[in-house]
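Asks: For reference, the structure I am asking about is given below.
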Amino acid sequence: MPKAKTQAATANIYAVVGSDEAEVKRVAAELATNLTPPEAGDFGLEIIDGVAENAEQAAARIRSTIEALQTLPFFGSTKVVWLKNANFLGDTQIGRAASVQSALEELSDLIENGLGSDAIFLISATEVDKRRSFYKSLAKRAEMQIFERLDSSRTGWEEEATEIVRSRAKKRKLPFDDDALDLFVLLTGGDTRQIDNELEKIDIFLSSGTGFQPVGKTGVSPVITSAAKMAASQTTEATAPRVTVDLVRELVPLSRAGVIFELSNALARRDLELALTLIRRLLDQRESAIGILLVAILPTIRNLLLAKDLMERHRLTRPHAPFQFISAINRLPAEATEHLPRKKDGSVNAYALGIAAQQAHRFETKQLIAGMQACLQANLQLVTTQLDHELILTEVVVKLLGL
């Protein structure tokens, strides 16, 4: 869905803009196809490449657009003029050039005076300076769709990304398990291009049955059932196979952030074998032991402890999804949440606590406290001794997860 959409003052000017390049290109292409009269054939759509290498070229592309809009279509039909992927509307050296601004003023005057009934103007761009008069003129006259890329450093991005994934998966008739959806969102990071690519990969794989034989969760856990076997069994048991967390692990690339997230999940699920395998993998990738401790292990234990404490003190029930716990936290008084860890913008990192709350029932409070103490001891050992780093981290995990 577009982040913003303005109603058109006229019915023949359209703009698709925003920092989400993949979505801008997709929507603009669909719009161009829908707007082009079927009876006009190849003469119904005139595309002007908006990618300019310098100011002179950009000005020439703008004037070509003006000329196309003023030229009558063939056979008396309506034609679409698409200024595609314009890269000179932002606050760049090309965009600030006097020749470009002069050409844009001419195009703006044409838009203000109104196009004829035989021309439709479509413009798409991924970088737009909203302070410029051209943008303001476009915003008044065009039906505008704005697609901004999700900022994963901003609070609440997970909720927005989840809705994007859920909506697009529904169109493909791909039912996700809750934990699979959470993992998919975090691995794709709200990037619509990657979301579409990975959903297509999963869709093709499930449709192909057992034709594809993966090597196993990118070498992480040999004990997890291969995706091929899962797909085969699901296909025989149900007409619409579900997307499981194991299938997401199998098919979606596991980045550094993904490995850290998986390590956190393994700790929360008390999966000792997988947790140790992931630690070894991170060390093999030359991640520092202190980094693994402070970025993955310690935050996981701390979130489990905080979530369990909130659930016990305020009688919060175990959530089926992280967002349920976020809603519960938001209903608590301020003094009940003032001790919770914050993001850079000062808001509570509630999503991480929601994930922890789903698994906190697996631990006793005293186990988590002992885990925090083990992290402190490991921190001291890593910076003051020459002990083997993998051994130190293994000891922490065993103390936490050992039965």
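The values are calculated or read from the model by the stated rules, or taken from the named source; none is laboratory data. All values derive from a computational prediction rather than experimental measurement. Positions of Cβ are backbone-derived with ideal geometry, glycine not excepted, and every protein chain shown enters the neighbour counts. These accessible areas exclude ligands, DNA and RNA; they are computed on the full protein's heavy atoms, side chains included. Shrake-Rupley method; radii C 1.70, N 1.55, O 1.52, S 1.80 Å.
Asks: Going by amide H atoms built from the backbone, whose H comes under 5 Å of the H on Val243, apart from near neighbours?
Replies: Phe176, Asp177
Asks: Does segment 253-368 classify as rounded, prolate or oblate by the C-alpha gyration tensor (a ≥ b ≥ c root eigenvalues; a/c under 1.5 gives rounded; else a/b over b/c gives prolate, otherwise oblate)?
Replies: Working: a/c = 2.17, a/b = 1.71, b/c = 1.27.
Here segment 253-368 falls in the prolate category.
Asks: Using a 1.4 angstrom probe on the protein heavy atoms only, could you order Met372, Met311, Met144 from most to least accessible area?
Replies: Met372, Met311, Met144
Asks: So if I place +1 on the C-beta of Lys and Arg and -1 on the C-beta of Asp and Glu, and nothing else carries charge, what would the dipole magnitude of segment 99-198 be about its Cα centre? I want it in debye, nearest 20.
Replies: It comes to approximately 260 debye.
Asks: If one takes the longest principal axis of the Cα atoms in the chain, at what angle in degrees, from 0 to 90 and to the nearest 10, does the Cα axis of helix 227-237 lie?
Replies: Compared with the principal axis, the helix lies near 80 degrees.
Asks: To continue, here is another question. As I understand it, the dipole of the chain uses +1 on the Cβ of Lys and Arg and -1 on the Cβ of Asp and Glu, about the Cα centre. Which of Gly90, Ala370, Asn34 lies farthest toward its positive end?
Replies: Comparing the listed Cα positions along the dipole, Ala370 ranks first.
Asks: Just to check I understand the Karplus step: with θ = phi - 60° and J = 6.51 cos²θ - 1.76 cosθ + 1.60, what whole-Hz values come out for segment 298-315, glycine and proline as x?
Replies: Result, ordered by residue: 4, x, 5, 5, 4, 5, 4, 5, 5, 5, 5, 5, 4, 5, 6, 6, 10, 6 Hz.
Asks: Rounded to the nearest 20 Debye, what is the dipole magnitude of the chain about its Cα centre when Lys and Arg each give +1 and Asp and Glu each give -1 at the C-beta?
Replies: Result for the chain is approximately 1080 debye, rounded to the nearest 20.
Asks: On to the next question. Quick one: putting +1 on the C-beta of Lys and Arg, -1 on the C-beta of Asp and Glu, what dipole do you get for segment 239-310 around its Cα centre, in Debye to the nearest 20?
Replies: Values: 10 positive and 8 negative charges, 20 e Å.
Dipole size: approximately 100 debye.
Asks: Shifting gears a bit: Under the rule of at least 5 residues apart or a separate chain, name every residue whose amide H is placed under 5 Å from the amide H of Arg149.
Replies: Amide H neighbours of Arg149, under 5 Å, 5+ apart: Ser19, Asp20.
Asks: Counting only GluC sites (Glu not before Pro) that sit in a DSSP loop (anything but H, G, I, E, B) with at most 11 other Cβ atoms within 10 Å, what is the longest stretch of the chain containing none of them?
Replies: 54-337
Asks: Once you have all Cα-Cα distances for the chain, histogram them in 20 Å bins from zero and send the whole-percent values.
Replies: Reading the bins upward from 0: 23, 41, 29, 7, 0.
Asks: Also, I was wondering about something else. Ranked by accessible surface with a 1.4 Å probe, highest first, in what order do Lys399, Lys79 come?
Replies: Details: Lys399 120, Lys79 10 Å².
In descending accessible area the options line up as Lys399, Lys79.
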